[in-house]
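Asker: Mind looking over this structure? Questions follow.
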Amino acid sequence: MLATALCSTIAAAQEKQADPPSANAPPPATSTQTANPEPAPAVTPSPADDTKRRLDELERQNAKLRDELEQLKEDHAFVEKRVEQLMPVKDKITGYLDFGFFYVQGNGSGIRNDTGFDHFPEYRGVVPEQWVFMGDPLSTAINSRGEPPALGGSRAITFDPIKNGGQPSFIMNSLNLSLLHGIGTTVTLNAAVDFVPRGRNPSDSSQVGLGDYIDAKLGYAEWKPTATEQYGLALSAGKFDSVLGIEYRNQDAPDRMGVAPSLICRYTCGRPLGLKARAKFLDERLIAALSITNGSNFVEMFPFYDEIDHNAIKTVSGRVSYRIPIAGQGIEVGTSGAYGAQDLQTDNSVSQWHFGFDARVDYKDLDVRAEFVQGKAQGKTDDSGGNIAPCNVAPCLKYKGAYGLVGYRLFNWLTPYSRVDWRDALHQSGASFVYISQLMRVTAGLRFEIGTNVIVKTEYTLIQELGRVPNFPDDVFTSSMVVKF
C-alpha cells in the first residue's frame, strides 16, 4: 500500500511539471478519426418497420404450429384407428336407481264406473253397468314405467303392482342393470333388466300380486357390417326398442325429460321380439328403420302386447325420418306405421294397424317434441245365437292421440318443461267390459341435474276428462330421483 501511494505521488508531480496544451491548439488526431473523419449517425428503425418484422415472425411461428398440429391430428387418428382395430368394444355395465315420491287425488285410479248408465245409456243391456268404465286406467302413471298407483277395478289392465289407492308414498320405482358386450369388432350384445320392488302380504291368500319381480326389458344382438359402414346399417335380433315415433328413445328414467310417459306411449314404447334393420343416408340426414316382430309395439302393461305369438302372421313396422342440421341436434320430422295380425288371438285374418307422425326441434337450449298417432285393432265378433255384444271373440280397440312437449335449459342444472297430451279411445271386449277414454292432461315440471350422475325431477299433472265423461279428482303429483352409475 505504501509503494502504491508513493507511485501515485510521483505521477502527480510529473503531471504538474508538464506544459498544458494551448487553448487554440487542435486536439490530437486518433487513428479512427483519420480513417473516418465524419462518421454516419446510427439509423433507428421506424415503428412501422418494427411492427412488420413482428408480424412476419408471428406468421412464421403460426405456420410452424399449424404444421405441428396437423401432424398431431394425423398421429391421433392413426392411433384411434389402431385401437379400434386391436381392441373390440369393451364390456360395459351401467344402470341406475329410480326412487320417488307420489300422491294422486281420489282413489288413485284414472277410471270410474258408469253406474246406472247415466252417461252412456247405449250400453244398457249390452255390458253390465259396473263394467262400463269412463276414463283411462293408465292416465295416473307416477313413474317412467307407466305404473298407476291403483287400477280401480279395471278388467282390461289387471296387473296392479302398486295398489296403494293413491295415498302419499315413497317408492323405489326400479333398480336397473344394463350390459353392453362387444363380440369382435362388429357385433354387440345389449341387455337391460329392471329389478322392481313391490309390496305383497304373503299371509293374505287373496293377494295375487307378484311382490318383488324382475323385468327383462331388452335383450338383443346387433351387427354392423363393415361393408355397409357408410350407411350405418345395423341389424338386430332379439327383444329390442320400438321403431315407431320418437318417445321410445327417451323412455327410461335417466333419459326421459319428465317423470311419467305420455298418454300415447303405450302404443309406441313397447319392446317387441323379432328382427330389425336400421340405416342412414344422405350424410345421416335420412334415417330408415324396419322391423318384423311377433306382435305390436304396444307396452307390456297394455293388453295388446304379444311376446310369444299366438298366430302365424307377423307384424311389420317401419319409420322414415329426415333431419335438418342446425345448432344442437337440429330439426327432425318422421312418419311411422305398423300392420299385422292382432295380438293375443289366433285368427290370422284379424288385423291390427297403426300410423303416426312426429317432429322434434333441438335448437341450442330449446327442446320441442310432438307426436300424433292413430290406430285400430279390428277385433272379432260371433253374433250367432242372437248375441248383441260386439267384439266377444277378440277385443276391439280404436284410438287416436297426441302430445306436445317443450323444455328449455335455463342453466346447466335446471330445465323447466311442460307437456300437453290428449287421447280418444274406445276399447271393448263383448259383454266383459267397455272403456270410453276421452281426456286431456297438462303437465308442468322441473328437472334438476346435479353433476353428471344425479337427476331430480318433480311434476304436477292436471287431468281433465272430456266429452260425456264426467270430470273426477285424479290429478297427479310425482317426483323421481335418478342416480346413474
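Asker: Have a look at Asp362, Asp343, Asp367, Asp358 and point out the one that is assigned to a strand (DSSP E or B), at pLDDT below 95 and either surrounded by fewer than 17 Cβ atoms within 10 Å (Cβ to Cβ) or not basic (Lys, Arg) (or both).
Answerer: Numbers: Asp343 fails: assigned to a strand (DSSP E or B); Asp367 fails: at pLDDT below 95; Asp358 fails: at pLDDT below 95.
None of the other options fit; the residue is Asp362.
Asker: Could you tell me which numbered condition Glu147 fails, if it satisfies all but one of (1) surrounded by fewer than 17 Cβ atoms within 10 Å (Cβ to Cβ); (2) assigned to a loop (DSSP other than H, G, I, E, B); (3) not small (Gly, Ala, Ser)?
Answerer: Of the numbered conditions (1) surrounded by fewer than 17 Cβ atoms within 10 Å (Cβ to Cβ); (2) assigned to a loop (DSSP other than H, G, I, E, B); (3) not small (Gly, Ala, Ser), the odd one out for Glu147 is (1).
Asker: Let me ask something additional. Would you be able to tell me the number of residues in the stretch 229-261 that are out of contact with any Lys or Arg (no Cβ under 7 Å at 6 or more places or on another chain) and either within 26 Å of Gly445 (Cα to Cα) or assigned to a helix (DSSP H, G or I) (or both)?
Answerer: Going through the stretch 229-261 one residue at a time, the tally reaches 13.
Asker: Related question: Would you check which residues across the stretch 321-330 are open to solvent by 70 Å² or more (accessible area, probe 1.4 Å) and touching a Lys or Arg at 6+ places or on another chain (Cβ under 7 Å) and list them?
Answerer: Tyr322
Asker: Can you tell me which residue is farthest from the chain's Cα centre (by Cα) among those in the stretch 95-133 that are under 18 Å from Ala389 (Cα atoms) and in a strand (DSSP E or B)?
Answerer: Looking at the filtered set, the residue picked out is Val132.
Asker: Consider the stretch 420-465. How many of its residues are aliphatic (A, V, I, L, M) and either crowded, with 21+ Cβ neighbours inside 10 Å or over 31 Å from the mean Cα position of the chain (by Cα) (or both)?
Answerer: 6
Asker: If you go through the stretch 182-213 one residue at a time, how many are open to solvent by 30 Å² or more (accessible area, probe 1.4 Å), assigned to a strand (DSSP E or B) and modelled with pLDDT under 95?
Answerer: Residues that pass the stated criteria total 2.
Asker: OK, next. Can you tell me which residue in the stretch 376-393 is nearest to Tyr248 (Cα to Cα), limited to those that are open to solvent by 20 Å² or more (accessible area, probe 1.4 Å) and part of a strand (DSSP E or B)?
Answerer: Ranking the candidates gives Lys376 first.
Asker: Here's a follow-up. If you go through the stretch 346-355, how many residues are open to solvent by less than 60 Å² (accessible area, probe 1.4 Å), part of a loop (DSSP other than H, G, I, E, B) and of a type outside the set (A, V, I, L, M)?
Answerer: Going through the stretch 346-355 one residue at a time, the tally reaches 1.
Asker: Take the stretch 270-320 and flag every residue that is within 16 Å of Gly340 (Cα to Cα), part of a strand (DSSP E or B) and either open to solvent by 80 Å² or more (accessible area, probe 1.4 Å) or among the β-branched types (Val, Ile, Thr) (or both).
Answerer: Leu275, Leu290, Ile292, Thr293, Thr315, Val316
Asker: Between Tyr417, Tyr403, which is touching a helix residue (DSSP H, G or I) at 6+ places or on another chain (Cβ under 9 Å), buried (at least 16 other Cβ atoms within 10 Å of the Cβ) and not in a loop (DSSP other than H, G, I, E, B)?
Answerer: Answer to the selection: Tyr403.
Asker: Moving on. Does Lys314 satisfy being touching a helix residue (DSSP H, G or I) at 6+ places or on another chain (Cβ under 8 Å) and of a type in the set (Lys, Arg)?
Answerer: no
Asker: Name the residue, out of Val333, Val373, that is open to solvent by 30 Å² or more (accessible area, probe 1.4 Å), assigned to a strand (DSSP E or B), β-branched (Val, Ile, Thr) and within 25 Å of Thr443 (Cα to Cα).
Answerer: Values: Val373 fails: open to solvent by 30 Å² or more (accessible area, probe 1.4 Å).
The unique qualifying residue is Val333.
Asker: I would also like to ask the following. What are the residue pairs meeting all of these: first residue in the stretch 380-391, first residue of a type in the set (S, T, N, Q), second residue outside any strand (DSSP E or B) and modelled with pLDDT of 90 or more, Cβ atoms under 7 Å, and 6 or more apart or on different chains?
Answerer: Thr381/Pro390; Thr381/Cys391; Thr381/Asn392; Thr381/Val393
Asker: Turning to a different aspect of this structure: Quick check: is even one residue across the stretch 135-152 farther than 17 Å from Leu426 by Cα and touching a Cys at 6+ places or on another chain (Cβ under 7 Å)?
Answerer: Checking the stretch 135-152: at least one residue is farther than 17 Å from Leu426 by Cα and touching a Cys at 6+ places or on another chain (Cβ under 7 Å).
The values are calculated or read from the model by the stated rules, or taken from the named source; none is laboratory data. Computed from a predicted model, the values in this text were never measured in an experiment. Using ideal geometry, Cβ is built from the backbone for each residue, glycine included, and neighbour counts are taken over all protein chains shown. Each accessible area value is taken on the protein alone, full model and side chains, heavy atoms only, with ligands, DNA and RNA left out. Shrake-Rupley method; radii C 1.70, N 1.55, O 1.52, S 1.80 Å.
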